[in-house]
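Structure record follows, encoded as structure tokens.
The values are calculated or read from the model by the stated rules, or taken from the named source; none is laboratory data. If you're wondering where the values come from, they're calculated on a predicted model, not measured in any experiment. For neighbour counting, all protein chains shown are included, and Cβ atoms are generated from backbone atoms with ideal geometry for every residue, glycine included. Each accessible area value is taken on the protein alone, full model and side chains, heavy atoms only, with ligands, DNA and RNA left out. Shrake-Rupley method; radii C 1.70, N 1.55, O 1.52, S 1.80 Å.
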Amino acid sequence: MTELTIYPSDLSAMSIRQLAALPAVQKAEIAGHLREAQQWIVEESAKLEAACTLCYAEQARQARLDAGKEYGPVHFNDGPVRITVDVPRCIAWDQPQLAAIARRITTSGERVERYIDLSYTVPEGRYSNWSATLRKQFKPARQVTAGQPAFRLELLDEHGGVR
């Protein structure tokens, strides 16, 4: 550790302006520590989830059976601890079937928008491989905006490589 080290309690107490005023080396050190902490949290959370699955899968299955629920939360206790196991409902629509239904709705004279939310996208890789003539037709419908900038700060070693 060096005098440049910022401890979590110091970081929490600092304002954005104070952080911005730090030397680049210190901001890079903080960024590196935060990346390590995020990775640690992801890995340890996955390990805890796996442990909970191993420990409580059967109780959760039984609670779900008792409640007559395939999705959503169920609750049970392990001594003084209340365990909630939530199984989300994931919905996916078959795109070719929806397209066929949309055609039938349109053919019958109905407005498809009354039943289905439509959105059109063009994959950027496909667009960039099109001929100039085809791109020209689509260009008025294409909007390009800048996303949020992402900063990655890394300390360099004495040879200019990333530490």
Formal net charge of residues neighbouring L22 (Cβ-Cβ distance under 11 Å; K, R +1; D, E -1): 0
Shape call, the chain: gyration tensor on alpha carbons, a/c limit 1.5: oblate
Residue-by-residue Karplus 3J(HN,Hα) for the range 42-47, coefficients 6.51, -1.76, 1.60, Hz, glycine and proline x: 4, 5, 6, 5, 5, 5
Nearest-0.05 FRET efficiency for Y71 and E43, computed from C-beta distance (R0 35 Å): 0.80
Karplus-derived HN-Hα couplings along the range 67-74 (A = 6.51, B = -1.76, C = 1.60, θ = phi - 60°), whole Hz, x at Gly and Pro: 7, x, 10, 8, 10, x, x, 10
The chain - percent of accessible surface contributed by carbon and sulfur, probe 1.4 Å: 57 percent
For the range 23-163: accessible area per residue (Å², 1.4 Å): 86 Å²
Coil-residue chymotrypsin sites (Phe, Trp or Tyr not before Pro) of the range 63-163, DSSP, other Cβ within 10 Å capped at 12: Y71, W93, Y115, Y120, F151
Those trypsin sites (Lys or Arg not before Pro) in the range 1-82 that DSSP places in a loop and that have at most 14 other beta carbons within 10 Å: K69
Dipole magnitude (debye, nearest 20) for the range 1-59, charges at Cβ of Lys, Arg, Asp, Glu: 300 debye
Net dipole in debye of the range 103-144 [+1 Lys, Arg Cβ; -1 Asp, Glu Cβ; about Cα centre; nearest 20]: 180 debye
FRET efficiency, A100 to L156 (Cβ-Cβ, R0 41 Å, nearest 0.05): 0.10
Amide H contacts under 5 Å for I83, placed H, 5+ residues apart: F76, N77, D78
Computed magnitude of the charge dipole of the chain (debye, nearest 20; Cβ of K, R +1, Cβ of D, E -1): 1240 debye
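In the range 11-114, which GluC sites (Glu not before Pro) are in a loop and have at most 12 other Cβ atoms within 10 Å, using DSSP for the loop call?
Qualifying residues, ordered by number: E70, E110.
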Gain upon complete extension [Q148, S119; 0.36 nm per residue less C-alpha separation]: 8.1 nm
